[in-house]
Amino acid sequence: MAGHLLRAATGRRTGWWEAPLFAAEQRATLVNVKLKLVKDRVLDGAILRERHLRSAHHLLDLVSTRPGHRISCPELLADKSVHKLFGSADAALAFLRRYCTLFALSRRGGGGVSLTDAALDLRHRELDCLNASEQELLARLRRLLMLTLPRSLPLHTVDLLHWDLGLPRNYRASVLRRHPDHFALAQPEGDERVWLRLLSWDDRLAVSELEKGAAGRDTTCLPFPVSFTRGFGLRSKCMDWLREWQALPYTNPYADASGLDRRTDVSEKRNVGVFHELLHLTLAKRTERHNVSNMRKLLGMPQKFTKVFERHPAIFYLSRVLGTQTVVLREAYGGGGQLLEKHAHPLVAIREEYTTMMRAALPPRRSRESHSSYTELDDESEGGEEIELSE
């Protein structure tokens, strides 16, 4: 299968990042680039390890907000969000029984669900952490909105990302309501959607994580940190292209990029920079692909913009486990299955404790099966999938 021609363009920045302008003249070299994508057993394992965490946390949140941290089974199973999550009452009850380290079921008063002492203690620590880090989480949400052209997002999109950003489930009634100077809800005429709009821009927040890491060095042509999965074959021609691409001008993702020609690799590098920054805003430095698939126009992206995840497998890893596609920022894991300490937020450690408690509820046989599934992933990674880099 013949490879597509990939343009490796170079450009010259003529203005400051707040209004980046690039010379119209561009030199392009054409190379055939074919990459073999290889599954990353370690990063897939990190995602599999938390396969039921979000569902468990949703139930835990519902129970902990009730008086006495207890809810009747009929009330819990009648909740629309629970039905949407599990599909049936039997499935929800089976889930609660499975994770007995978090949930305690009783038959008193028609049956009820409460939290174990260990789970309730961890929940209190989580709430304390949320309160202590609200300003930092607030900054994450503001920066997310600052990445968009209209400085606003449909509320549904924020709902999809709220877990990844570390926002509480009731962020609308808590975070948004406590900060009316930063946010407003609006419903444009003729639009059924409610939008979250940013009211205040802060230049101090408009510095990307890549620029912060430059530590005073020149940020004109910043390269992205790259790493490859074991078994990844990179041909010399492809390596030459990667070196040229890394040397291209870097555009701050918060800057106005309307002056860029979308057909060039300078623009492609800007697109990569936007997602690099967006993933840095998440706690685990990853999110499901569909969470950002409806943000093309809002981020000023071209058609098929999420293809950058496949075109740059040394920066992003696209996991396909659990029946979905999850984009992972490679540099944040440093080749391992845990976030590097410098990237870890206190809430990440608490979520890891929840995961450990859930695993403790499973019998040893289930734990061996989980280990076996990771081994199978490793075996599959020897094969890999070939893709061609193209526009």
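The values are calculated or read from the model by the stated rules, or taken from the named source; none is laboratory data. These numbers come from a predicted model, not from an experiment. Glycine also receives a Cβ, built like all others from the backbone with ideal geometry; neighbour counts cover every protein chain displayed. SASA here: full protein model, heavy atoms, side chains in, ligands and nucleic acids out. Shrake-Rupley method; radii C 1.70, N 1.55, O 1.52, S 1.80 Å.
With (1) free of Cβ contacts under 8 Å to residues at least 12 places away in the same chain; (2) under 17 Å from the mean Cα position of the chain (by Cα) as the list, and K84 as the residue in question, which single condition is left unmet? Of the numbered conditions (1) free of Cβ contacts under 8 Å to residues at least 12 places away in the same chain; (2) under 17 Å from the mean Cα position of the chain (by Cα), the odd one out for K84 is (2). Residues in the range 153-201 that are aromatic (F, W, Y) and over 13 Å from L138 (Cβ atoms): W163, W195, W201. Comparison of T375, T356 shows that the only residue that is modelled with pLDDT of 90 or more and open to solvent by 20 Å² or more (accessible area, probe 1.4 Å) is T356. When the range 267-322 is limited to residues that are under 22 Å from D159 (Cβ atoms) and more than 14 Å from the chain's Cα centre (by Cα), the one that is most open to solvent (accessible area, probe 1.4 Å) turns out to be K297. Quick check on my filter: what residues within the range 286-304 are at pLDDT below 90 and out of contact with any Ser or Thr (no Cβ under 9 Å at 6 or more places or on another chain)? Q303, K304, listed by residue number.
In the range 263-280, the residues that are in contact (Cβ under 8 Å) with a residue 24 or more places away in the chain and within 15 Å of W241 (Cα to Cα) reach residues that are among the basic types (K, R) and in a helix (DSSP H, G or I) with C-beta atoms within less than 8 angstrom, at least six apart or across chains, in these pairs: E268/R311. Quick check on the range 206-219. Is at least one of its residues open to solvent by 100 Å² or more (accessible area, probe 1.4 Å) and more than 18 Å from R140 (Cα to Cα)? Yes - at least one qualifying residue is present in the range 206-219.
Among the residues making up the range 65-93, those that are surrounded by 15 or more Cβ atoms within 10 Å (Cβ to Cβ) and of a type in the set (V, I, T) are I71, V82.
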